[in-house]
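Values quoted throughout were computed directly from the atomic coordinates according to the rules given, and no laboratory measurement underlies them. Keep in mind it's a predicted model, so treat the numbers as computed, not measured. Quick reminder, even Gly has a Cβ in these numbers, built from the backbone with ideal geometry, and neighbours come from all protein chains shown.
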Amino acid sequence: MRIIGSISVALLFTSIAYAQAPQRQQTPEQQAAQKARADATAADHQNMLDQLKIINLRRGRDGNDPASPYHANYDESKANPFPVWPDPLTFKDGKKVTKASEWPKRRAEIEEDFSREIYGRVPKNMPRVTWKVFKDTDQVVNNIPVNFKQLVGHVDNSSYPAINVDIQLTLMVPKNAAKAVPVIMVYGGQDFLNPAPAGAFGFGGPPRAGANNQPRPKSPQEQILEKGWAYATINPGSVQADDGGGLTKGIIGLVNKGQWRKPDDWGVLRAWAWGADRALDYFETNKAVDAKKVALEGHSRWGKATLVSMAFNTRLAAAYVSSSGQGGAKPGRRDAGEVVEI
């Protein structure tokens with residue numbers, strides 16, 4: 001727990017630094033692209049409302065005006081309007097789960113509820129993913145010799161060539177390992193197939209004045225490698241865009257052949273989890289790592305994706321979920337603060 005805790009603190013400070021970094025001025029081209037994404041997102045939203053025959057949406061909470069009838073609730077006595085929650089160890093017919101052999105059946109009931117009501121269903125006939133090494137180099141990280149691979153998982157798009165999906169995965173393994181090592185896989189990473197132009201800043205923005213003179217805590221990557229484990233990243237955006245306007249593209253768009261989703265189709269979180277599952281397929285072919293000891297980490301939306309990945313994929317050994325919020329670890333039945341309508 002101390003190991004995971006120290007890694008999580010480093011990840012938290014990285015996220016805070018990103019939030020505090022100065023924002024770059026957008027170019028006209030970037031502004032146009034942002035508007036196009038916003039327009040596509042609005043069109044997708046309206047299409048789903050039309051399919052569900054929803055004319056108006058319930059207004060959300062007002063966090064600023066205490067006099068508003070929609071003001072966020074901060075009264076603890078009113079925060080739990082549904083005090084009786086379903087028991088995860090009780091079957092839908094009321095019978096109790098009394099032994100481990102009964103759990104898979106109960107698990108299937110819960111999985112069906114979440115697929116139908118919240119996260120959507122993954123299509124039954126998913127296209128095959130073929131993994132290839134994009135880059136393979138030996139490096140030294142914090143005095144630790146490692147092998148670093150950039151891998152591309154090409155999704156078979158023969159059924160709809162207009163959409164191309166290449167999953168981007170990186171893997172860093174200590175070279176002095178005597179046996180297959182555990183893997184800590186993180187949702188994130190840079191787009192190595194389409195790198196940012198020279199002079200652009202990546203995650204965290206431009207360095208602040210005097211930053212180079214301040215002591216730097218060890219990164220999660222360094223801490224993991226020092227333990228003799230492998231460090232991996234999977235780029236969620238290479239699987240599915242992180243916006244509603246991209247739902248006719250990416251893996252969701254590919255299997256739907258560029259058409260709108262149906263109400264019970266999968267969404268971005270299930271798509272990212274599917275991508276992580278494909279990474280596990282690759283790990284099973286790499287003898288340098290122990291594919292039965294893979295842990296997954298994610299923060300914020302990627303924290304939600306980590307939860308979804310762990311819930312639907314029994315091959316993952318462990319997960320670290322950071323600030324997953326509404327739609328993640330936060331109870332959706334609780335009414336406190338500026339809740340998100342779901």
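Some observations on this one:
- Helices that extend 30 Å or more along their long axis by alpha-carbon positions and average at least 1.6 on the Kyte-Doolittle scale are absent among the DSSP H runs of the chain.
- Dimensionless Rg ratio for segment 80-119, taking C-alpha atoms and the 2.2 N^0.38 Å reference: 1.28
- Rough spin-label spacing in nm, given labels placed 7 Å along Cα→Cβ, for residue 34 and residue 98: 6.1 nm
- The local environment of residue 304, defined by Cβ-Cβ distances under 14 Å, has a net charge of +1 under the rule Lys, Arg +1 and Asp, Glu -1.
- Förster-model FRET efficiency, 25 Å R0, residue 67 and residue 334, C-beta, rounded to 0.05: 0.60
- Expressed to the nearest 5 percent, the antiparallel share of DSSP beta bridges inside the chain is 60 percent.
- Label point 7 Å beyond Cα of residue 300 along Cβ direction - residues of segment 71-88 with amide nitrogen under 12 Å: none
- The alpha carbon convex hull volume per residue for the chain rounds to 207 Å³.
- Shown here are the Rg and Dmax of the Cα trace of segment 215-342, at 16.5, 51 Å.
- Taking Cβ atoms as reference points and 10 Å as the exclusive limit, the residues near residue 246 contribute a net charge of -1, counting Lys and Arg as +1 and Asp and Glu as -1.
- Under 13 Å, Cβ to Cβ, from residue 112 - net charge with Lys/Arg +1 and Asp/Glu -1: +1
- Dipole of segment 80-119 [Lys/Arg +1, Asp/Glu -1 at C-beta], most positive-end residue of 94, 115, 81: 94
- Note on segment 80-119: with charges restricted to the Cβ of Lys and Arg (+1) and Asp and Glu (-1), its dipole about the Cα centre is near 220 debye.
- A dipole drawn for the chain from +1 and -1 charges on Cβ atoms has a positive end, and of 70, 139, 164 the residue lying farthest that way is 139.
- Proximal lysines relative to residue 135, as straight alpha-carbon distance under 27 Å, when same-chain residues fewer than 8 apart are discounted: 149, 175, 179, 218, 227, 249, 287, 292, 293
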